[in-house]
Amino acid sequence: MDKTTSAPAGPRDGRQGRNPRGQGERLREDIISAALRLLDELGDDQALSMRAVAREVGVAATSVYIHFADRDTLVLAALERFHRELVEAVDQAETGAADPAGKLRARVLLLGRWVQQHPGLYKVLHESTLNQRAAMSFKQELAERTTAAVQRCIDAGLTPADDAAVISLDLRAAVHGAVSMRVNQPGLPWPPLEEQVDRFLAKLVGLTPTPGCRPE
């Protein structure tokens with residue numbers, strides 16, 4: 001089963017029901033959901049407008065500005081929420097694996113599937129100009145969890161003892177490179193992502209893939 005998190009769905013053939021007086025926390029969450037849908041389509045935070053988000057929600061633009069002072073503030077809130085949901089989905093993906101090596105593999109593969117499903121959000125999260133203007137410190141949580149997953153493999157004796165943080169960085173750099181190239185150069189003759197991930201895990205982490213191990 002594909003456990004990849006998805007951008008919040010919402011009616012696109014008309015406006016969703018207005019919140020009472022267009023106020024409150026529910027409206028804020030609706031605005032974030034609308035921004036995520038549009039960012040996933042656009043793949044560019046600079047192309048997003050507050051008015052477009054307001055139209056998507058079905059409220060006046062002034063209602064959006066009540067909750068978010070500017071576009072960057074809204075985009076950061078949207079990305080932070082989606083990243084939080086992604087972290088939860090990745091953690092959930094690990095539960096179906098039997099050992100630390102399988103859990104690390106499941107974690108990396110889910111991230112790859114997420115990019116395949118949401119190339120627009122990936123570009124905004126990792127390749128947008130907003131990354132140059134904002135720290136996006138919330139992204140560190142996913143990196144730290146990957147390092148912890150590598151450390152569990154080392155502790156279990158499944159891979160040679162080494163600096164888990166360095167291995168994690170190498171692994172994340174390789175995976176990001178693979179998925180980013182898929183997003184930006186989809187016409188290349190790409191091998192299955194699972195095969196690339198297994199090579200990364202073997203060469204960078206020192207894990208031997210379980211024979212016949214493939215995602216559901």
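The values are calculated or read from the model by the stated rules, or taken from the named source; none is laboratory data. This structure is a prediction, so every number in the text was calculated from the model and none was measured. Note that we place each Cβ from the backbone using ideal geometry, even for glycine, and neighbour counts take in every protein chain shown.
Of all the residues in the range 34-54, those that are part of a helix (DSSP H, G or I) and without any contact (Cβ under 8 Å) to a residue 40 or more places away in the chain number 9. Note on the range 158-195: residues that are among the β-branched types (Val, Ile, Thr), surrounded by 13 or more Cβ atoms within 10 Å (Cβ to Cβ) and within 21 Å of Thr208 (Cα to Cα) total 3. Between Pro119, Pro100, the distinction of being within 27 Å of Ala149 (Cβ to Cβ), surrounded by 17 or more Cβ atoms within 10 Å (Cβ to Cβ) and in contact with a Lys or Arg (Cβ under 6 Å, 6 or more places away or on another chain) belongs to Pro100 only.
In the range 139-155, of all residues being touching a residue at least 12 places away in the same chain (Cβ under 8 Å) and either assigned to a loop (DSSP other than H, G, I, E, B) or under 21 Å from Leu36 (Cβ atoms) (or both), the one that is farthest from the chain's Cα centre (by Cα) corresponds to Glu141. In the range 100-110 there is at least one residue that is at pLDDT 90 or above, farther than 30 Å from Glu29 by Cβ and of a type in the set (D, E, K, R). Within the range 110-138, being in a helix (DSSP H, G or I), under 18 Å from Gly177 (Cβ atoms) and among the polar types (S, T, N, Q) holds for Gln116, Asn131.
Every condition in (1) at pLDDT 95 or above; (2) among the small types (Gly, Ala, Ser); (3) surrounded by 15 or more Cβ atoms within 10 Å (Cβ to Cβ) is met by Ala89 except one, and the failing one is (1).
If you filter the range 58-106 down to residues that are touching a residue at least 24 places away in the same chain (Cβ under 8 Å) and polar (S, T, N, Q), you find that the one that is nearest to His126 (Cα to Cα) is Gln92.
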